Amino acid sequence: MQSIKSKVKQRDANILAHGYEGRMRHVETACIGLYFVLFGMLAAKLGLTTPFTSAAFLLIPSFVLSMAIADFISGILHWSADTWGSYNWPIVGMTVIRGFREHHVNQYAITEHDFIQTNGSATIVAMPFQIIALLIPVMGYVSFFVFSALAFLTLWGPMTNQIHKWAHQRQPPRLVRALQKARIILPQQNHSVHHDAPFACYYCITTGWCNWTLTQIQFFRFLEKIITRLTGAIPREDDIGTVAAKMLAREQGIIKT
Ligand SMILES: [Zn+2]
Ligand SMILES: [Zn+2]
């Protein structure tokens, strides 16, 4: 692994940092506004349906389940953007992949991001789930459980980038530190495993609950083998450079030559 580390070749931090465009910021600002409108509608629906179904006791398991699912989804999205695609791709490269590449070059840049830059992109992902949650008809215990878990998921999803930012802050707020220590949200030590080059494990960044298990069962290696076999793409080639990416893929049995 040490020889792979020495071959890691990342993009220029300055170029990546200046890729966050004004146009993207306008889109993110509008999406945050819309997210809060939908959030208000979901809160109203939750308030109206809870007494109706007498199912308030289901709120605790659905809340915890939503945290675990949000963590798993954060891992899938993070792994996808870290591992595949290119910063040079049109639209997605500049808007989505750029931020992930920058984060590996300068992991503390995120601590300088304001509310909109931190949370904007996550609200875009959350909105379709908010709409689905609003459309679910609540008629009994099962539908209430599904609805409430999905509603809570749309809360934890957009919180993920903020939680990730706290995991990089040297002095996060006291309450945040307590939640990190209790492993309710992503602890700093858990996330620091991901930032050890070549950045190939511990992708989950909401609670960090899924990281150990997904690493043990080689979940992401399994997906990489399938995708490389189908497409020929080398995992994380755009992030750490062709030489290091090929060395790692060979070591992990993803490619042979
Ligand atoms: Zn990463
Ligand atoms: Zn990070």
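The values are calculated or read from the model by the stated rules, or taken from the named source; none is laboratory data. Quick caveat: nothing in here was measured; it's all calculated off a predicted structure. Cβ placement follows ideal geometry from the backbone for every residue including glycine, while neighbour counts extend to all protein chains displayed.
Data overview
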| item | result |
| --- | --- |
| Any hit, the stretch 74-94, residues being crowded, with 19+ Cβ neighbours inside 10 Å, part of a helix (DSSP H, G or I) and away from ligand 2 (no atom under 16 Å from the Cβ) | no |
| Sole residue being β-branched (V, I, T) and touching a Lys or Arg at 6+ places or on another chain (Cβ under 9 Å), chosen from T206, T242 | T242 |
| Number of the exception - P61 against (1) away from ligand 2 (no atom under 15 Å from the Cβ); (2) crowded, with 19+ Cβ neighbours inside 10 Å | (2) |
| Close pairs (7 angstrom Cβ cut-off, 6 or more residues apart or separate chains): modelled with pLDDT of 95 or more in the stretch 160-172, in a loop (DSSP other than H, G, I, E, B) and surrounded by fewer than 22 Cβ atoms within 10 Å (Cβ to Cβ) anywhere | K165/H113; W166/P172; H168/Q107; H168/Y108 |
| Candidate set from the stretch 103-122 (those that are modelled with pLDDT of 90 or more and surrounded by 18 or more Cβ atoms within 10 Å (Cβ to Cβ)); member that is nearest to W166 (Cα to Cα) | I110 |
| Given (1) free of Cβ contacts under 8 Å to residues at least 60 places away in the same chain; (2) charged (D, E, K, R); (3) within 15 Å of ligand 2 (Cβ to nearest atom), index of the condition D114 fails | (3) |
| All positions within the stretch 95-106 that are within 16 Å of ligand 1 (Cβ to nearest atom) and assigned to a helix (DSSP H, G or I) | V96, I97, R98, G99, F100, R101, E102, H103, H104, V105 |
| Residue match in the stretch 96-107 (condition: within 15 Å of ligand 2 (Cβ to nearest atom) and among the small types (G, A, S)) | yes |
| Positions within the stretch 147-189 being basic (K, R) and away from ligand 1 (no atom under 16 Å from the Cβ), in sequence order | R170, R174, R177, K181, R183 |
| Single match in Q180, Q188 (criterion: of a type outside the set (V, I, T), within 13 Å of ligand 2 (Cβ to nearest atom) and in contact with a helix residue (DSSP H, G or I) (Cβ under 8 Å, 6 or more places away or on another chain)) | Q188 |
| Some residue of the stretch 245-253 being outside any loop (DSSP other than H, G, I, E, B), of a type in the set (G, A, S) and within 16 Å of ligand 1 (Cβ to nearest atom) | yes |
| Pairs, first at negative phi and in contact (Cβ under 8 Å) with a residue 40 or more places away in the chain in the stretch 56-73, second part of a helix (DSSP H, G or I) and of a type in the set (A, V, I, L, M), C-beta under 6 Å, six or more apart | S62/A149; L65/A149; S66/A149; S66/L153; I69/L153; A70/L153 |
| Sole exception among (1) surrounded by fewer than 19 Cβ atoms within 10 Å (Cβ to Cβ); (2) in contact (Cβ under 8 Å) with a residue 24 or more places away in the chain for L42, by number | (1) |
| Yes/no for T50 being on the phi < 0 side of the Ramachandran plot and crowded, with 20+ Cβ neighbours inside 10 Å | no |
| Tally, over the stretch 195-249, of residues that are under 28 Å from L65 (Cβ atoms) and free of Cβ contacts under 8 Å to residues at least 40 places away in the same chain | 12 |
| Scan of the stretch 190-241 for residues that are touching an Asp or Glu at 6+ places or on another chain (Cβ under 6 Å) and more than 16 Å from ligand 1 (Cβ to nearest atom), ordered by number | T207, W209 |
| In the stretch 130-158, the residues that are more than 17 Å from I60 (Cα to Cα) and crowded, with 18+ Cβ neighbours inside 10 Å | Q130, A133, V138, G157, P158 |
